[in-house]
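Visitor: Here you go, one structure.
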């Protein structure tokens, strides 16, 4: 990159792919616990509630709290240094997860992963926003959000390739150690090849200066934007169901058909996540940019419509009687579930003042993950244990996931509010950026 303020298209694409790869590792390390849940639970003697805490609250609490001070640093110091260090930290704790021998030890390791992953998305979102103008930002962030399904796919494929020849030969510890060491190697690559872009490069003139506000001022500024708030709750309640779905899906399918080949199952789930979920994220972002150019309310309407389709499909998927039929419904479910990612990320970055973009992502992820990641798996795990008192494991999981899917309703309502108030807030964001140049 010869000009840090005006990077070449080739470098922009390279940087976006690298950041997407890092985000993919974020979700590999997060998703792998849900995939290997039956084996971890059996080996360590965990209850469903403990498993839900392990995947949800134990991870999310540290992830969300640490993200805010890291974002404050990312708005002031090298985002590349913060990102590469964070990747090395969470990958190291992923490797340590494989050495745990009880609930306390694995819980502490997952807390460490959460602390490291807190430094992933805030600097990445901010870097992307300084590489792409707002007219292309949803599309770029949509590509970045494909790190979620691609990371999930890679987690399934890594499990399938490292598990051995049968579903009974799953060395879950070896899988964690391998993924952790690979992530540390990627952190070195990020540090060596990714360059720090100029802040506000896509909005400000060469003569403009960026003044970093105090933390409290950043917080007050973001919380005064109604569309930003509504988007946060929209994606949070939608992801509440998504995280619960992924946390217990593998266990549900093993109970539904104990004779179904586990290696075939994880490969199928990997392909579905890497195609339909990724496709939904990519085309949803492109459609949001195209529709949004004509009517800015599209950034709210599109997610609301997509999640409205996910609600009945998600419920039905847990009441069919075959694994393959469940996977067919899952394919449709994930296609529409991916659509809200790009528009939501674009709203978080475009509505935020240029000097608060990392903070915007951190606060939005704080709301998202305390509700979704902290609440979804934990709530559903508790429901499964509660429903087991009146029925078997299969029925308990079906009722629990049906109740969980109801959380899509407040998500739909929130995105409808986004559609209503976004035009005013979008215009206000333009005015704030212009004022920074005067």
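The values are calculated or read from the model by the stated rules, or taken from the named source; none is laboratory data. Everything numeric in this text was worked out from a predicted model, so none of it was measured. Don't worry about glycine lacking a Cβ; one is built from the backbone with ideal geometry, like all the others, and counts go over all protein chains shown.
Visitor: Name the single residue that is farthest from residue 147 (Cα to Cα) among those in the stretch 279-310 being within 19 Å of the chain's Cα centre (by Cα) and surrounded by fewer than 20 Cβ atoms within 10 Å (Cβ to Cβ).
Guide: Out of the qualifying residues, it is 286.
Visitor: Using beta carbons and a limit of 6 Å, which pairs, at least six apart or on different chains, have the first residue in the stretch 226-244 and buried (at least 24 other Cβ atoms within 10 Å of the Cβ) and the second one outside any helix (DSSP H, G or I) and modelled with pLDDT under 90?
Guide: What qualifies is 228/351; 236/372; 239/372; 240/372; 240/375; 243/372; 243/373.
Visitor: Which one of 142, 167 is assigned to a loop (DSSP other than H, G, I, E, B) and modelled with pLDDT under 85?
Guide: 167
Visitor: Now for a separate question. Could you run through the stretch 250-264 and say how many residues are modelled with pLDDT of 90 or more and buried (at least 20 other Cβ atoms within 10 Å of the Cβ)?
Guide: 2
Visitor: Out of all the residues in the stretch 381-392, is one or more crowded, with 22+ Cβ neighbours inside 10 Å, at pLDDT below 90 and closer than 29 Å to residue 111 by Cβ?
Guide: Yes, the stretch 381-392 contains a residue that is crowded, with 22+ Cβ neighbours inside 10 Å, at pLDDT below 90 and closer than 29 Å to residue 111 by Cβ.
Visitor: Looking at residue 46, is it assigned to a loop (DSSP other than H, G, I, E, B) and either touching a residue at least 24 places away in the same chain (Cβ under 8 Å) or touching a strand residue (DSSP E or B) at 6+ places or on another chain (Cβ under 6 Å) (or both)?
Guide: yes
Visitor: Checking residue 246 against (1) under 22 Å from the mean Cα position of the chain (by Cα); (2) closer than 22 Å to residue 363 by Cα; (3) at pLDDT below 85: exactly one of these is not met. Which one?
Guide: Tallying (1) under 22 Å from the mean Cα position of the chain (by Cα); (2) closer than 22 Å to residue 363 by Cα; (3) at pLDDT below 85, residue 246 fails exactly one: (2).
Visitor: So which residues in the stretch 316-357 are more than 20 Å from residue 220 (Cα to Cα) and not in a helix (DSSP H, G or I)?
Guide: Once the filter is applied, which keeps residues that are more than 20 Å from residue 220 (Cα to Cα) and not in a helix (DSSP H, G or I), the stretch 316-357 yields 318, 319, 320, 321, 322.
Visitor: Has the stretch 262-278 got any residue that is in a helix (DSSP H, G or I), under 25 Å from residue 172 (Cβ atoms) and free of Cβ contacts under 8 Å to residues at least 24 places away in the same chain? Explain how you work it out, then say what you get.
Guide: We begin by selecting, within the stretch 262-278, every residue in a helix (DSSP H, G or I); these are 262-278.
Next cut, under 25 Å from residue 172 (Cβ atoms) only: 262-274, 277.
Retained after the next criterion (residues that are free of Cβ contacts under 8 Å to residues at least 24 places away in the same chain): 264.
Yes: the stretch 262-278 contains one or more residues that are in a helix (DSSP H, G or I), under 25 Å from residue 172 (Cβ atoms) and free of Cβ contacts under 8 Å to residues at least 24 places away in the same chain.
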